[in-house]
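In what follows, a single structure is set out as structure tokens and then discussed.
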Amino acid sequence: MGSGARIEQIPMPMTRSTILRLALSGLLLFLGINVLYILMIGPYDFWLSPAHLIATTIFKPLRWFNTTVIVLIIFAAKNRAQQSEVEEGMFENNYWFAVGLLILICATYYQTFAVNFHVFEWDHRDVSARLQAPKDFLHLFLTPQPNNFYRPITFISLWLDYVLFRSHLWAYHLQSLFIHFLNSLVVLKLGSELGLGNRVSRWAALIFSVAAINFEAVMWPAARFDLLATLFTLLATLFFLRYQKRHSPSYLWLSVGCFVLGVLSKESAYSFPLIAALLALHFVGSRTSHLSRRKQAYAILSVALVGAALVGLRLAMGLGGYRNVGGDSLHFQFNAASLFSFLVNTTGLTPFAVNSAAAFPIYVKVAVAAFVIAMITMALTTTPFGKKVYLFLAVLVVSALPVFSLVGWLRPSLQNARFLYLPAVWMSFALAVAIVGRSRYVTSILLLLVVSNSLAAHHNVAVYREMLTKTDYLADQLLQDHRRMPAETIVLVGLPEAPNGVFYFPSELAFKVKMQMPNVKVVQLLPEQPPPVGGNSQRVYKWDEPERTLVLQP
């Protein structure tokens, strides 16, 4: 063929899968524009007969955008060649990668050192103070803990903080940050065992380390249950994978041992037998595992039997957990609504989530816009994804099953986001696999994904810090009033239980008022409750929601 000859391009046939992918890409573009509209212009309330379109925050629009990204990944998956195990990455040496990962985590979560509430539920110092003799630790393993939960390993971890730091609450965050760092490193090793290659594994670790949905588990010392349960579940998974490849029984028993430690940290680790089963099915017939079907069955049966024994122990102690005012458990509510909330929140909040109950500073708006642009770019420029992404999305759903009913509690404030800490691991793998090597803008997309999540996580923690600062300001305001007009009782009416999703706000404010005015009685009332009759001996303050402050009543 001559150098001047033209090559005629034959158009690709429009198959049903191609049409579906184009439709999903168009929907994603529309939903992205919707998020950006709310972000830049504000909420809307449109009547387009017969449809009524309303959005007050970006919580639901962003959640639907994320869910559409996942649906697009599912329908775009095709068989592709396995990625090379040796790939170029940002760091050629894992040591320097680990250092960079630690720096990134510290840069994202440095504010947590200033987020410290004095209520005992913040770090369970009351439980730690009672652990003084060997019999106390034995009792910890033989009886349930507060709310009838059974999590002795985590309480020992919190006790260690108490012994080392006592009332220096800022230091309680050191262990939590370190465990989160360890979890990110295990994600890196897990990716290698799954045959993803260095580049995908490193990006997955980076995405997970700053995933905005993880902020509550990392920030709140008493949410260390999730950190430790995830650490031991990931280690159990890592050793299970090594058993698949190296066939050493010691790896299987290490896996089972970590599974037990995970369950003794939090109930979310009960998902491991299902995770192991999915991974075993994935390895059946693969070239990376030469286990016979009999040995595969033996491994799964071993894990299942240990899981059944742990469930039996838990039942013998009595089921605990969260209950409503009528005393009914909130953990076993299975219906169409809870299934819908479970699927939408699990897939729609783990890629990117931001507390939209509070006002957005400019950097958060930039982060949201960057994330939306990155995901749209991925959808419009990638080639079909590898089918391994199916595995990670399946494990994502399975890992969230122990908190099936609780995931639906998440609202715009992202309170209770800790329930999605373990599922966020598998979403990180799914996103890394979907993006790396399949787009013309791989590095740009992944950098936007990491930076936007880091900024969103920073904002989510900053909301707590700002509301904590608000308690200092209000306590000082009440002290100034008390100096001008002394009173025996201060009545606080209508304090929100968790403004902007911040736990323990009323308790922290009452604590600081008592610290500044120890001889004054502090009474908290609901808005509908009448204040006690006290004449000049009391002052009544009412919460002003729009201004987020207390107003002295005449």
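Values in this text are rule-based calculations from the coordinates and carry no lab data. This is a predicted model, so every value here is computed, not measured. Here Cβ is always computed from backbone atoms with ideal geometry, including for glycine, and neighbour counts include all displayed protein chains.
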Review point. Considering every Cα-Cα pair within segment 105-207, what fraction, in whole percent, is farther apart than 18 Å?
Key: 59
Check your understanding: Which GluC sites (Glu not before Pro) from segment 498-552 combine a DSSP loop assignment with at most 12 other Cβ atoms within 10 Å?
Key -> Glu528, Glu547
Exercise for review: Using +1 at the Cβ of each Lys and Arg and -1 at the Cβ of each Asp and Glu in the chain, identify which of Leu160, Asn66, Ala510 lies farthest towards the dipole's positive end.
Suggested key: Asn66
**Study point:** Calculated [θ] (222 nm, deg cm²/dmol) that DSSP helices of n ≥ 4 give over the chain, each run adding -39,500 (n - 2.57)
**Key:** -19500 deg cm²/dmol
**Study point:** Whole-Hz couplings from phi, Karplus 6.51/-1.76/1.60, listed for segment 106-111; x for Gly and Pro
**Key:** 5, 5, 6, 10, 4, 5
Practice item. Order the peptides 392-404, 113-125 from the highest to the lowest mean number of other Cβ atoms within 10 Å of their residues. Key: 392-404, 113-125
Point to revise | Gap separating the Cα centres of segment 417-474 and segment 108-126, nearest whole Å | key: 21
Review point. For segment 413-554, with the dipole built from +1 on Lys and Arg beta-carbon atoms and -1 on Asp and Glu ones, taken about the Cα centre, which of Leu526, Val433, Gln415 lies farthest toward the positive end?
Key: Val433
Review point. Can you tell which of Ser341, Leu474, Ala114 lies farthest toward the positive end of the dipole of the chain, using +1 and -1 charges on the Cβ of basic and acidic side chains (Lys, Arg; Asp, Glu)?
Key: Ser341
Study note, to complete from the structure: As straight-line cross-link partners of Lys542, the qualifying lysines (C-alpha separation under 20 Å, not fewer than 8 residues apart within one chain) are Lys470, Lys512, Lys514, Lys521
Practice item. Restricting to the chain, compute how many DSSP beta bridges are antiparallel as a %, nearest 5. Key: 45
Practice item. Please tell me the relative contact order of the chain in percent, rounded to the nearest whole number, where contacts are Cα pairs under 8 Å and at least six residues apart. Key: 18
Review point. Dividing the Cα convex hull volume of segment 485-552 by residue count, how many Å³ per residue is that?
Key: 86
Check your understanding: Can you give the three extents of the C-alpha atoms in the chain along their principal axes, from longest to shortest, in whole Å?
Key -> 100, 63, 47
**Study point:** Cβ-derived FRET efficiency at R0 25 Å, Ala23 paired with Thr443, nearest 0.05
**Key:** 0.30
**Study point:** Amide proton proximity set for Val540, modelled H, under 5 Å, gap of 5+
**Key:** Val491, Gln553
Practice item. Quote the charge dipole size of the chain about the Cα centre in Debye, to the nearest 20; the model charges only the Cβ of Lys and Arg (+1) and of Asp and Glu (-1). Key: 1540
**Study point:** segment 485-552: antiparallel DSSP beta bridges as a percent of all, rounded to 5
**Key:** 30
Practice item. Amide H neighbours of Thr549 under 5 Å, at least 5 residues apart or on other chains, H built in the peptide plane: list them. Key: Asp544
Revision key, fill the gap. Diffing segment 121-134: the Karplus 3J(HN,Hα) column from phi (6.51, -1.76, 1.60, θ = phi - 60°), in whole Hz with x for Gly and Pro, holds 5, 5, 9, 6, 5, 5, 5, 4, 5, 8, 8, 10, 10, x
Point to revise | Nonlocal amide H pairs with Val522, under 5 Å, H built at 1.01 Å | key: Ile490
Review point. Roughly what would the spin-label model give for Asp45 and Val533, points 7 Å off Cα along C-beta, in nm?
Key: 4.2
**Study point:** Size of electric dipole in segment 485-552: Cβ of Lys, Arg +1 and of Asp, Glu -1, about Cα centre, debye, nearest 20
**Key:** 260
Point to revise | Whole-Hz ³J(HN,Hα) from phi, Karplus 6.51 cos²θ - 1.76 cosθ + 1.60, for segment 502-515, glycine and proline x | key: 7, 4, 6, 4, x, 5, 5, 5, 4, 4, 6, 5, 5, 5
Point to revise | Point-charge dipole on Cβ atoms (K/R +1, D/E -1) for segment 433-554, about Cα centre, debye to 20 | key: 340
